[in-house]
Amino acid sequence: MDIEKELEKKGKIGDKKSFKKRLSYLKERLRAAKASEKTKIGGLLVKELKANPLAEYNLSYDSFGEGLEPLYFWMLDFMRGKDPSGLGLEVVKTGEGFEASAASGYFGEIGSRASIMQERAMKMLQTINTVVKSIINLIYDLKEFEIRLESYDDLNSEEKAKKESGRLALKGVWMDQVDIKRGRGSINMLVQQLQFVTLRDAFMVVESEEDVDKLDLNDRVKRILKRKITEYLKWEKESEAELRKRFKIERAYLKSQIDSLRLYTKWLAPYLKAAQKLGMKEFNTPDIVAAFNNMQMELSLFGKKEIKPEDVHEYFSKFKLEKKIYTCLEITFNFRTVPQAARTQAGTHYIHTGKTDIIFKAYALDEDEIKLFEKQELFEDMELVENLTEVSLKELQEDLDHFLKEAKKCEKCEAELDENIEKCMKCGHKWKHEKGVFIMPFGDIGKGFREIFEPIRDAVKFIVPKGAAAESFVEGETKKYGEEKAKSLCFTAYDIYKKSHGMLTW
């Protein structure tokens, strides 16, 4: 069932009676949701919380003689000030959006800057796409090399069955890829066209020129077979060394490509973020008229402060809450402005003056709800930026970990070792050993003591409670204290702001 429809059944947004039902439903859905659904459900949960603040105060006045910057920075400094003149909160910016009328000079200025950032980001994205394609091709090549090297690993094995299967596989590769280039002189063509029926079976059986003399074949077939087995054995030796060398080179190149991708994505991020910040938000408000020279701006500051159990009562200090609880204050500035261009030697900048609406809201939230609030930081579309700038190779991560892990080296010659082979390919030193297990001689004594005290421990369970009820009580009291503290902070910010700006208070 659709989430929005299910929420409508539980009540309307902003309705305090249905708030707890809707909130608990969204939290349950969020816990069970897939990664692709978490963003949507998290957004709905934040919307629900914002619609039901503990306290709310609104302030509206015309400030054509005063710009937005002094108002914003006064409030920011007051919220995070740790001295008696501030609230001592941890403050983040959780919202920033603006919309300029199409005819304004501000629209043209910001639009041209955004276009430059977008063009640079697109060029960087093309380079990143090329590198990603290269990484995918390298992974597939390395997988093919590994399949081929498995035959050589079997050939070097001490087990007779593995050694034989490895040699048969390599002989098949040699006939299909190397010997076939000789045309009518290849083994397959001699069998098919010149009726050397026994040649292919004999080639698969022999392992050296000496083995050829032991077979019951005519001299003509033996001569061809000796030449073929000599060519094969030379190819077997040289191809293994060459294949392992190429495998190392491509693996090193894969590492360099991954590093290049990380570097390019690091360079790309500032351009994408700048383009995103310069993009305008549609408020769909009558305050913006295309023919006018005006704009609408919205800024949000979110402050939090942890409430610990000992803040409520010193006796609660021995309890540790499952989730941290915070008292929170959100202040939103809605600003309708007429931007005025000021040209200086450093360039053109704009002074914003106009009408300001300030909204103060109080919340008491746990750490999970705080994370959802902070995820809304800056822009709703910032998730797209994160997906583009992160190394988005999650599907290939297992293969990357496999190929890029550090190889072990031989103790004697320091050559790179293959984990599938128990000896060094260069010097023959055996390196893979079974780890011994150390058994403590008195290991069972502790077990005996545990068995003695188990009946006592089980009896004590019925006497000493687990403390779940006490923890739940402490958590509830801490949340209540956080709510009262949030209401107090919200009114303090509202009241002090008015007094410091010479407004009427009571």
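Derivation of every value follows stated rules applied to the coordinates shown; laboratory data play no part. All figures in this text were calculated on a predicted structure; none of them were measured in a lab. FYI the Cβ positions are ideal-geometry reconstructions off the backbone, even for glycines, and counts take in every protein chain you see.
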Item to check | Violating pairs (Cα-Cα greater than 27 angstrom) within the set K273/K487; K10/K361; K162/K226; K10/K273 | outcome: K273/K487; K10/K273
Item to check | region 357-372-region 266-321 distance, computed between alpha-carbon centres (Å) | outcome: 10
Item to check | Placed amide H near L89: partners under 5 Å, 5+ positions off or other chain | outcome: R80, G81
Item to check | Phi to ³J(HN,Hα) by Karplus 6.51 cos²θ - 1.76 cosθ + 1.60 over region 272-288, Hz, x for Gly, Pro | outcome: 5, 5, 5, 5, 5, 5, 7, x, 8, 9, 8, 8, 6, 10, x, 5, 9
Next on the checklist: Could you work out the relative contact order of region 1-52? I mean the mean sequence separation of Cα pairs under 8 Å and 6+ apart, divided by the number of residues, in percent.
Outcome noted: 39
Item to check | Amide hydrogen neighbours beyond the local backbone of K324, cut-off 5 Å, H modeled | outcome: E367
Checklist entry - Quick one: Karplus J couplings for region 493-498, per residue in order, coefficients 6.51, -1.76, 1.60, θ = phi - 60°, nearest Hz, x for Gly and Pro? => result 4, 5, 6, 5, 4, 5
Checklist entry - In region 1-52, with Lys and Arg counted as +1 and Asp and Glu as -1 at Cβ, which of these residues, S18, I41, L30, has the Cα nearest the positive end of the dipole, that is, farthest along it? => result S18
Next on the checklist: Please list, ordered by chain and number, the residues whose modelled amide H lies under 5 Å from the amide H of A55; skip anything fewer than 5 residues away on the same chain.
Outcome noted: A362
Checklist entry - Taking the alpha carbon gyration tensor of region 1-52, what are the square roots of 5 times its eigenvalues, largest first, to the nearest whole Å? => result 18, 11, 9
Item to check | Whole-number percent relative contact order across region 124-271, with pairs defined as alpha carbons under 8 Å at least 6 apart | outcome: 31
Checklist entry - Out of region 283-326, which GluC sites (Glu not before Pro) are coil in DSSP terms and have no more than 16 other C-beta atoms within 10 Å? => result E322
Item to check | Using θ = phi - 60° and Karplus 6.51 cos²θ - 1.76 cosθ + 1.60, couplings along region 145-161 (whole Hz; Gly, Pro as x) | outcome: 4, 4, 4, 5, 5, 4, 5, 5, 5, 5, 5, 8, 6, 7, 6, 5, 5
Item to check | Net +/- balance of residues flanking L321 in space, Cβ distance below 13 Å, scoring K and R +1, D and E -1 | outcome: -4
Item to check | Cα coordinate range in region 1-105, projected on the principal axes (Å, largest first) | outcome: 53, 46, 29
